[in-house]
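Right, one structure below, let's go through it.
A short reminder: the numbers here are calculations on the coordinates, not readings from a lab. Because the structure is a prediction, the values reported are computed rather than measured. Methodologically, a virtual Cβ is constructed for each residue, glycine included, from the backbone with ideal geometry; neighbour enumeration extends over all protein chains shown.
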Amino acid sequence: MVVAAFVAPYLLEATSRFVLSAARVPGVRLAVITTSAAEDLSPELREALAGHWQVADALDPQQIVDAVRGLSGQIGHVERLIGALEQLQVPLAQARDALGIEGMSADVATNVRDKSQMKTVLAGAGVPCARHQLVRRTEEAWAFRDLVGYPMVAKPPDGAGAKATFRLDADGDFDSWLTAAQQDAGEVWLLEEFLTGREHTFDSVTLGGETIWASISDYRPPPLEVLRTPWVQWTVLLPRDVSGPEYAAIRTIGPAALRALGVRDAFSHLEWFERPDGSVAISEVGARPPGAQLASMIGFSHEIDFYAASAELVLHGTFAAPERRYASGTAYLRGMGHGQVRTVHGIDRLQTEIGHLVVDSRLPPPGTPANSSYEGEGFITVRHPDTAVVEDALARIVATARVELVEGQ
């Protein structure tokens, strides 16, 4: 019997699915460490869990350590300490190191969390990535701008999901960003060369330092363009066949990047660019499962319960590599403007044309506040054995569905 604790700061939908799947793994007693009170857990989750410990800040490594010690008195010695969020990886690793629990160390977690250190490690290992500069002073920002020119990207060193990320195209953009950055003298920023080309993911399973399975997907358009155009409806495509020459480079470079960073036993989410000349450059690496419906799409494409498979990996160190049987894709529905959702146009037509392909969806009901994140107000996921059919369906969704927003009453 493996005794484990899952750290989940907030039990939102996706995180709750990970926790519930982990609690249902045979041979596991699972407790949750969260900011939520026990009575706020769903009945299904309360029944599946062996323990619960409430903390004020689930990102504080000392509070995690104290919670694990408290839980050990309730359910037995905790042998695994896990969590799905990217922001948790360093605090989790620090807590593991303090408690002597096996798993990713703080050094490795920092490699995949600190984007400046990540790229320094990758470049030192000969893995192609964007040129970068950790900026603490105005003079450093000027020097990097003069070195790489425009466009460039500014982001927090420990950012996640393209949040607080800015594309700087000219002196006006740079000056505005620099003025905002100078408001906090202690703030540190990462400036990067802006990579151009098609952007993809390389989601993989690593055991014992070896990549034993991988899934590749395509962002259309790249996330930074999505952030710059708040109304654009974008898509993620998982082609059925990823064995062709167009993905040959990442099948070598992806595992090399994970080895250089020290990732040994994990599900990793890596983002990469295919440059116009065909070369590859690594953009980001996260030693955690993917978000933005990618986890579900991987499950749909391989006919597996992805959440259960990822739980088996982190709790028992086992993973049965599945066959890719389908292409799948998600279109993200985003409204133009502010306020709240009035209605979503075009759904009846889409139901007639492609309803038989839809395997998952979330349509925002009227009154839903506009979502400022890149995921938008809703999504539609489709699946079919033929990649071209999925591509056509995604194009129809983007062209037909329209989220109408109105200012709040």
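One table, with the values for the structure above:
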quantity: In order through segment 127-139: 3J(HN,Hα) via Karplus (6.51 cos²θ - 1.76 cosθ + 1.60), integer Hz, x for Gly, Pro; calculated: 8, x, 7, 5, 5, 8, 8, 7, 10, 10, 10, 4, 4
quantity: Average projected area [Cα convex hull, segment 23-150], square nanometres; calculated: 11.5
quantity: Unit charges on C-beta of K, R, D, E only; dipole of the chain, Debye; calculated: 420
quantity: Cα gyration tensor shape of segment 250-379, rounded if a/c is under 1.5, else prolate or oblate by comparing a/b with b/c; calculated: prolate
quantity: Relative packing of peptides 336-347, 18-29 - highest average C-beta neighbours within 10 Å first; calculated: 18-29, 336-347
quantity: Charge dipole (debye, nearest 20) of segment 198-406; +1 at Cβ of Lys and Arg, -1 at Cβ of Asp and Glu; calculated: 320
quantity: Mean Cβ count within 10 Å, highest first, over the residues of peptides 54-62, 77-85; calculated: 77-85, 54-62
quantity: Helix-derived mean residue ellipticity, 222 nm - over the chain, DSSP H n ≥ 4, -39500 (n - 2.57), to 500; calculated: -10500 deg cm²/dmol
quantity: Farthest toward positive dipole pole in segment 131-193 [+1 Lys/Arg, -1 Asp/Glu at C-beta], among 156, 138, 178; calculated: 156
quantity: Table column - 3J(HN,Hα) (Hz), segment 95-102, Karplus curve with 6.51, -1.76, 1.60, x for Gly and Pro; calculated: 5, 4, 4, 5, 9, x, 8, 5
quantity: Geometric extent, Cα atoms of the chain - Rg, Dmax (angstrom); calculated: 21.6, 60
quantity: Dipole of the chain, positive direction: furthest Cα of 75, 190, 55, with charges on the beta-carbon; calculated: 75
quantity: Listed residues 322, 43, 255, most fluctuating in the chain (Gaussian network, C-alpha, under 10 Å); calculated: 43
quantity: Footprinting exposure proxy for 326, 332 (fewest neighbouring C-beta atoms within 10 Å first); calculated: 326, 332
quantity: Environment charge of residue 270, counting only residues whose C-beta is closer than 10 Å and scoring Lys/Arg +1, Asp/Glu -1; calculated: -3
quantity: Positive-pole candidate from 373, 384, 329, dipole of segment 256-408, charges at beta carbon; calculated: 373
quantity: Distance from segment 300-342 to segment 171-212 (C-alpha centre basis), Å; calculated: 24
quantity: Cα centroid of segment 42-65 to Cα centroid of segment 73-119, whole Å; calculated: 16
quantity: Net +/- balance of residues flanking residue 46 in space, Cβ distance below 15 Å, scoring K and R +1, D and E -1; calculated: -2
quantity: Under-5 Å amide H pairs with residue 373, H placed in peptide plane, nonlocal only; calculated: none
quantity: Segment 131-193 shape via C-alpha gyration tensor axes, a/c threshold 1.5; calculated: rounded
quantity: Net charge of Cβ neighbours under 13 Å - reference residue 1; Lys, Arg +1; Asp, Glu -1; calculated: +1
quantity: Which of 403, 68 has the fewest Cβ neighbours within 10 Å, and the rest in rising order; calculated: 68, 403
quantity: Antiparallel bridges, percent of DSSP beta bridges restricted to the chain (to nearest 5); calculated: 80
quantity: When segment 318-370 is reduced to its Cα atoms, the Kirkwood hydrodynamic radius in Å; calculated: 14.1
